[in-house]
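Structure record follows, encoded as structure tokens.
Here, each number is a calculation from the coordinates, and none is a lab measurement. Model, not experiment: these values are computed from the prediction. A quick note on method: Cβ atoms are made from the backbone with ideal geometry, for glycine too, and the neighbour counts reach across all protein chains shown.
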Amino acid sequence: ETGVTQTPRHLVMGMTNKKSLKCEQHLGHNAMYWYKQSAKKPLELMFVYNFKEQTENNSVPSRFSPECPNSSHLFLHLHTLQPEDSALYLCASSHRGPTLSSYNEQFFGPGTRLTVL
Amino acid sequence: GQQVMQIPQYQHVQEGEDFTTYCNSSTTLSNIQWYKQRPGGHPVFLIQLVKSGEVKKQKRLTFQFGEAKKNSSLHITATQTTDVGTYFCAGTDSNYQLIWGAGTKLIIKP
């Protein structure tokens with residue numbers, strides 16, 4: 001196991017639902033990430049949190065709302081999603097230096113397979 | 001925006017044959033990482049290259065970082081069924097953004 005857990009592992013939701021994805025890391029890292037992985041597309045980095053502060057938001061629609069209450073937990077709140085948002089959502093964590101000048105080895109969770117009907 | 005092109009998208013090989021995937025960036029990268037994702041799994045870190053011209057080996061896997069730090073390759077010698085999966089590169093660009101390649105799927109022919 002990588003030390004990064006995600007719940008739920010599978011989620012089916014309607015377009016009007018509100019749900020949240022949870023990620024927890026037990027590795028003592030100070031950076032956490034949300035990725036979207038769709039078929040036949042590169043991994044899309046959605047959000048980056050360093051030391052609990054959001055440092056990157058890569059043009060993600062506002063229907064995705066991240067929350068990082070502490071350096072071990074990361075949430076992704078979902079509301080009014082579209083069918084094209086169906087994908088595997090991966091959480092990752094790593095250690096980052098104070099200058100944030102590069103990325104170190106990332107440890108991924110098993111992902112949440114999301115289906116939007 | 002910045003891109004890392006990874007080729008090929010798929011590669012079918014007979015067990016025992018070699019496999020190579022290439023990543024090319026339009027700009028200089030400060031480092032490049034390689035990950036492997038097994039079918040149904042999540043990406044797992046393999047290695048990080050930082051220095052110009054760096055070559056690292058892990059058993060049958062050889063990783064290279066180009067002299068200009070714009071390209072990288074992963075070569076697997078004598079593939080085995082356990083090598084099946086998708087291999088991704090990810091580089092840190094000059095804006096400290098992490099850019100991922102689209103991945104190369106290694107398929108072993110029966």
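Computed from the Cβ-Cβ distance with R0 of 25 Å, the FRET efficiency linking B:Glu67 to B:Gln9 stands at 0.45.
Both radii are taken from the alpha-carbon atoms of chain A; with Rh as the Kirkwood radius, Rg/Rh is 0.95. Shown in residue order for the stretch A:40-48 are the 3J(HN,Hα) couplings computed by the Karplus curve 6.51 cos²θ - 1.76 cosθ + 1.60 at θ = phi - 60°: 6, 10, x, 4, 9, 6, 8, 9, 10 Hz (x for Gly and Pro). Using θ = phi - 60° in the Karplus curve 6.51 cos²θ - 1.76 cosθ + 1.60, the 3J(HN,Hα) couplings for the stretch B:32-49 round to 9, 10, 10, 10, 10, 10, 6, x, x, x, 10, x, 10, 4, 9, 6, 10, 10 Hz; x is entered for Gly and Pro. Give me Rg/Rg_expected for the stretch B:4-109, where Rg uses Cα atoms only and Rg_expected = 2.2 N^0.38 Å with N residues. Computed over Cα atoms of the stretch B:4-109, the ratio equals 1.01. Here's the list of lysines a cross-link from A:Lys41 could span, going by alpha-carbon distance under 21 Å and ignoring same-chain residues fewer than 8 apart: B:Lys36, B:Lys105. Straight-line reach from B:Lys51: taking Cα to Cα under 16 Å and skipping same-chain neighbours fewer than 8 places apart, the lysines in range are B:Lys69, B:Lys70. Counting only Cα atoms, the stretch A:50-117 measures 41, 23, 20 Å along its principal axes, largest extent leading. Here's the list of aspartates and glutamates a cross-link from A:Lys18 could span, going by alpha-carbon distance under 15 Å and ignoring same-chain residues fewer than 8 apart: A:Glu67, A:Asp85. Looking at the stretch A:12-59, which GluC sites (Glu not before Pro) are in a loop (DSSP not H, G, I, E or B) and have at most 16 other Cβ atoms within 10 Å? Loop-located and lightly packed - none at all.
Taking every DSSP beta bridge that has both ends in the stretch B:4-109, the antiparallel portion is near 90%.
Applying a 4.7 Å cutoff between beta carbons, the unpaired cysteines of chain A are A:Cys68.
Residues whose amide H falls under 5 Å from that of B:Ile47, counting only those 5 or more places apart or on a different chain, are B:Trp34, with hydrogens built in the peptide plane. Distances between every pair of Cα atoms in the protein assembly as shown, grouped in 10 Å steps from 0 to the bin holding the largest one, split as 8, 32, 35, 20, 5, 0 percent.
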